[in-house]
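Below: the structure, in structure tokens.
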Amino acid sequence: MACMVGWARVNMTSPVTLADLIRDDKLLWCCCRDCGRERDATLATVPLPSETPVTEVGKHMKCSKCGSRKVSTTPELYPGGILAMRERWR
């Protein structure tokens with residue numbers, strides 16, 4: 001269930017939490033399922049308890065572009081975040 005690309009999990013039954021991202025110095029990747037806007041968020045901008053599962057964070061967010069509440073969240077998909085990945089592709 002918590003198997004992520006590039007993530008080695010000891011206990012595959014427990015979800016990845018905000019505490020895991022903080023410990024591993026990872027960003028939170030957010031994507032609006034309505035308009036496709038995506039961004040990486042630092043954990044300092046997420047006012048939720050550290051034991052919150054990453055997949056549940058999107059339920060507390062709203063897209064800053066279209067206002068949708070259909071936001072998906074996962075650990076960062078690319079080292080350094082989505083902006084760093086786009087720079088490498090240029």
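Output yes when any residue across the stretch 6-15 is touching a strand residue (DSSP E or B) at 6+ places or on another chain (Cβ under 9 Å), in a helix (DSSP H, G or I), at pLDDT below 95 and of a type outside the set (A, V, I, L, M), and no when none is. No, there is no match, as no residue in the stretch 6-15 is touching a strand residue (DSSP E or B) at 6+ places or on another chain (Cβ under 9 Å), in a helix (DSSP H, G or I), at pLDDT below 95 and of a type outside the set (A, V, I, L, M). Glu87 fulfils the conditions (1) part of a helix (DSSP H, G or I); (2) at pLDDT 90 or above except for a single criterion, (2).
One line per residue, one yes/no per condition, for (1) touching a Lys or Arg at 6+ places or on another chain (Cβ under 8 Å); (2) in a loop (DSSP other than H, G, I, E, B); (3) without any contact (Cβ under 8 Å) to a residue 12 or more places away in the chain; (4) of a type outside the set (Phe, Trp, Tyr):
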residue	(1), (2), (3), (4)
Asp34	yes, yes, no, yes
Arg39	no, no, no, yes
Pro49	no, yes, no, yes
Val57	no, no, no, yes
Lys62	yes, yes, yes, yes
Cys66	yes, yes, no, yes
Arg69	yes, yes, yes, yes
Thr73	no, no, no, yes
Leu77	no, yes, no, yes
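Only a single item in (1) loosely packed, with under 13 Cβ neighbours inside 10 Å; (2) modelled with pLDDT under 95 is not met by Glu76, and it is number (1).
The values are calculated or read from the model by the stated rules, or taken from the named source; none is laboratory data. It should be emphasised that the depicted structure is a prediction, and the values quoted were computed from it without experimental measurement. Note that we place each Cβ from the backbone using ideal geometry, even for glycine, and neighbour counts take in every protein chain shown.
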